[in-house]
Amino acid sequence: WDNADFSRGIGTTFYQEFSTLNTAKPPFVRDVEAKVQRYLRSSYSAAWTLKITWEKAPVHAARTDTRKTITYQAVLTTDGFRSYILMLYQDGGMQWDYTRLTSTNVLIGYT
């Protein structure tokens, strides 16, 4: 999530909260549960989920190139005891020209 620059009015950030304790779960939350179950091979039932989307985010110093944008999401979810985060990127991965960034040790994801 490093070096996005929204100062030029390009791109947007929005979020959606899903409180699903004792309520019907929308398809998005069921999909998150399925991903957690598949990746961790354990049962999981979300009580709360937050989806944050950075849409068409330009790279820092966007004044030099506003054509290369990226859309990505962070999904935080918990069952009240365990919490997880899913980091989702648009098809094709990072679209920024990382060779023009001030830092050259760029990773997609987290360590």
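The values are calculated or read from the model by the stated rules, or taken from the named source; none is laboratory data. Everything numeric here is computed off the predicted structure, so don't read it as measured data. Counting neighbours? That spans all protein chains shown, and the Cβs are built from the backbone with ideal geometry, glycine included. The area values use the complete protein model at the heavy-atom level, side chains included, leaving out ligands, DNA and RNA. Shrake-Rupley method; radii C 1.70, N 1.55, O 1.52, S 1.80 Å.
Being open to solvent by 70 Å² or more (accessible area, probe 1.4 Å), among the basic types (K, R) and touching a residue at least 24 places away in the same chain (Cβ under 8 Å) is true for just one of R8, R30. Which residue is that?
Working: R30 fails: touching a residue at least 24 places away in the same chain (Cβ under 8 Å).
Being open to solvent by 70 Å² or more (accessible area, probe 1.4 Å), among the basic types (K, R) and touching a residue at least 24 places away in the same chain (Cβ under 8 Å) holds for just one of R8, R30, which is R8.
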- For region 53-65, indicate whether the set of residues that are at pLDDT below 85, under 12 Å from the mean Cα position of the chain (by Cα) and farther than 17 Å from Y15 by Cβ is non-empty. no
- Task: Could you check how many residues of region 35-55 are of a type outside the set (K, R), exposed (fewer than 13 other Cβ atoms within 10 Å of the Cβ) and farther than 11 Å from L86 by Cβ?
- Result: 3
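Filtering region 66-87 down to residues that are among the polar types (S, T, N, Q) and surrounded by 17 or more Cβ atoms within 10 Å (Cβ to Cβ), which residue is modelled with the highest pLDDT?
Taking region 66-87 first, the residues among the polar types (S, T, N, Q) are 66, 69, 71, 73, 77-78, 83.
Then keep just the ones that are surrounded by 17 or more Cβ atoms within 10 Å (Cβ to Cβ); that gives 69, 77.
On the way: T69: 81, T77: 96.
If we take residues in region 66-87 being among the polar types (S, T, N, Q) and surrounded by 17 or more Cβ atoms within 10 Å (Cβ to Cβ), then T77 is modelled with the highest pLDDT.
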